[in-house]
Amino acid sequence: MTVPAPRCTDRRAPSGCAPPALSFAAARALLDTFGPVDGMERIRPEQAAGRVLAEPVLAARDTPVRDLAAMDGFAIAAATPGPRRIFRVEGRSLPGGPPPPPLPPGGACRVTTGAPLPANAAQVVIDERAVRSGSTVALAVPPGDKPHVRRRASDFAAGEAVLAAGMQLTPAALVTAVASAADAVVVRRRPRVAILATGDELPGTGSALSGANGIPDSVTPALAAMIAAAGATPAAICHLPDERGAIERALAAHLGPRGETQRADAVVITGGASRGDRDFARQGAAEAGAQTIFAGVAMKPGKPVWCAQLAGRPIVGLPGNPTAALTVARLFLQPLIGRLSGRDAAREEAWTALPLARAIPANGPREAFLLATFANGHVSLAQRQDASGQRAIALATHLVRRAPGALPAPAGATVEALRI
């Protein structure tokens, strides 16, 4: 899907760019124009956890398939007006067994929860209201108004749409999908996301081959894990050198023009997002024909984040610093994958108001997204908020959002927080 790019006013940046220092909300909203990827597949319901339905799920049969006992007790043919009527126990019925024969006059059938009922059973007298003695059972109290019977097709009837297209198969929805007895469900295809990691210092490229000056690529494996957890497939992981043309060639290989085999539905590029002498990510995307959607957001960390589109598919550029990269990925990439998967993007960004365990200082001029931990119903900011750090993020459970110029907040004050 084509997203119109705002007019560029930054003469220093590559051609086709959007104005820098867009607000987070404005930049985030631009990604909502992307829709689900094309394609679907037919799979077993038990294999479809987390997937989004491309077609409704139709019940293959009535559920329940026959009248069943809703409680342990005794099935009787009619409500009994007197408090101590005695019944003959004619047999018993168990879940999964065949339905018992119809009840004779004055007869009762011992049933357990989920057991099929005799065809003429009117209600189940629960154990708490009955006293059994050998082959008879007596009602100790009136059986009550509730029949304790699950009638045939009371959940849904054969052919009924039990789950609508567009629903995500959460654990709760899987209960219904499997109960429908459908052999398969039709779900949207998982988006394929390619990761392009730039930097001569990373293993596999440039000087990292020597080992002496290389820096472990801690970002790429984390991004691949995040992409998979968000419901997409890491289609490829490529390490690119800091040289002109590398990004252009990689984008052509993984996105390419329309009509060719598409290896990826989206690309995430790490590093090369600033304006250093060897930062070629945005320039390479522009040379590949990508249209910039935004470039630079007034946020901390992650100001260099950018987004473009090529052949209608998104490219997200992340800072190279680990904490900044994962923070920006949580705020931009994860909701984007939700939209590409067909999910409601708002669910990917469930900001909640949580109280502070300790007072926090005033915020600077940029909107801040700060690492925090959650314990005993409160959030605490990490002591170090280093964009290039690689330790604090392992303990963080939330991001705390602070508006530009926000005043100091005392302990107990509420802040917006998002689970990482």
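The values are calculated or read from the model by the stated rules, or taken from the named source; none is laboratory data. Only a predicted model underlies this, so the values are computations on that prediction, with no experimental measurement involved. Quick reminder, even Gly has a Cβ in these numbers, built from the backbone with ideal geometry, and neighbours come from all protein chains shown.
Values as computed for the structure displayed
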{"read-out": "Pick from region 22-59, criterion part of a helix (DSSP H, G or I) and of a type in the set (S, T, N, Q), ranking: farthest from PHE156 (Cα to Cα)", "value": "THR33"}
{"read-out": "Test result for PRO147, within 12 Å of ALA78 (Cα to Cα) and not small (Gly, Ala, Ser)", "value": "yes"}
{"read-out": "Among the candidates ALA396, ALA382, residue that is of a type in the set (Gly, Ala, Ser) and touching a helix residue (DSSP H, G or I) at 6+ places or on another chain (Cβ under 6 Å)", "value": "ALA382"}
{"read-out": "Criterion (at positive phi and in contact with an Asp or Glu (Cβ under 9 Å, 6 or more places away or on another chain)) met by exactly one of ALA140, ALA153", "value": "ALA153"}
{"read-out": "Test for GLY312: is it more than 22 Å from the chain's Cα centre (by Cα) and surrounded by fewer than 17 Cβ atoms within 10 Å (Cβ to Cβ)", "value": "yes"}
{"read-out": "Single unsatisfied condition, VAL415 versus (1) surrounded by fewer than 12 Cβ atoms within 10 Å (Cβ to Cβ); (2) part of a strand (DSSP E or B)", "value": "(1)"}
{"read-out": "Any strands (runs of 3 or more DSSP E) falling wholly within region 96-158 and containing at least 3 residues that are touching a residue at least 24 places away in the same chain (Cβ under 8 Å)", "value": "107-111, 123-126, 136-139"}
{"read-out": "Answer from LEU395, LEU356, LEU371, LEU399 - the residue that is outside the structural domain of ASP217 (by TED's automatic domain parsing) and more than 24 Å from the chain's Cα centre (by Cα)", "value": "LEU356"}
{"read-out": "Test result for THR327, touching a Pro at 6+ places or on another chain (Cβ under 6 Å) and buried (at least 23 other Cβ atoms within 10 Å of the Cβ)", "value": "yes"}
{"read-out": "Pairs where the first residue, in region 214-235, is not assigned by TED's automatic domain parsing to the domain that holds THR270 and the second is buried (at least 18 other Cβ atoms within 10 Å of the Cβ) and not in a loop (DSSP other than H, G, I, E, B), C-beta under 9 Å, 6+ apart", "value": "none"}
{"read-out": "Qualifying strands (runs of 3 or more DSSP E) (wholly inside region 161-280; at least 3 residues being under 17 Å from GLN47 (Cα atoms) and modelled with pLDDT of 90 or more)", "value": "185-188"}
{"read-out": "Any hit, region 350-365, residues being touching a helix residue (DSSP H, G or I) at 6+ places or on another chain (Cβ under 9 Å) and either of a type in the set (Lys, Arg) or not in a strand (DSSP E or B) (or both)", "value": "no"}
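Quick grid of which residues meet (1) surrounded by fewer than 16 Cβ atoms within 10 Å (Cβ to Cβ); (2) more than 30 Å from LEU340 (Cα to Cα); (3) not small (Gly, Ala, Ser):
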{"residue": "ARG28", "(1), (2), (3)": "no, no, yes"}
{"residue": "GLY35", "(1), (2), (3)": "yes, no, no"}
{"residue": "ARG44", "(1), (2), (3)": "yes, no, yes"}
{"residue": "VAL89", "(1), (2), (3)": "no, yes, yes"}
{"residue": "PRO101", "(1), (2), (3)": "yes, yes, yes"}
{"residue": "ARG110", "(1), (2), (3)": "no, yes, yes"}
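Results for (1) of a type in the set (Ser, Thr, Tyr); (2) outside any strand (DSSP E or B); (3) over 27 Å from the mean Cα position of the chain (by Cα), shown as yes or no for each residue.
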position	(1), (2), (3)
LEU333	no, yes, no
LEU336	no, yes, no
VAL379	no, no, no
ASP386	no, yes, yes
GLN390	no, yes, no
ALA411	no, yes, yes
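So that you can scan it fast, the table gives a plain yes or no per residue for (1) crowded, with 19+ Cβ neighbours inside 10 Å; (2) within 30 Å of ALA285 (Cα to Cα); (3) modelled with pLDDT under 90; (4) among the polar types (S, T, N, Q):
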{"site": "PRO6", "(1), (2), (3), (4)": "no, yes, yes, no"}
{"site": "ARG12", "(1), (2), (3), (4)": "no, yes, yes, no"}
{"site": "ALA18", "(1), (2), (3), (4)": "yes, yes, yes, no"}
{"site": "PHE24", "(1), (2), (3), (4)": "yes, yes, no, no"}
{"site": "ALA54", "(1), (2), (3), (4)": "no, no, no, no"}
{"site": "ARG61", "(1), (2), (3), (4)": "no, no, no, no"}
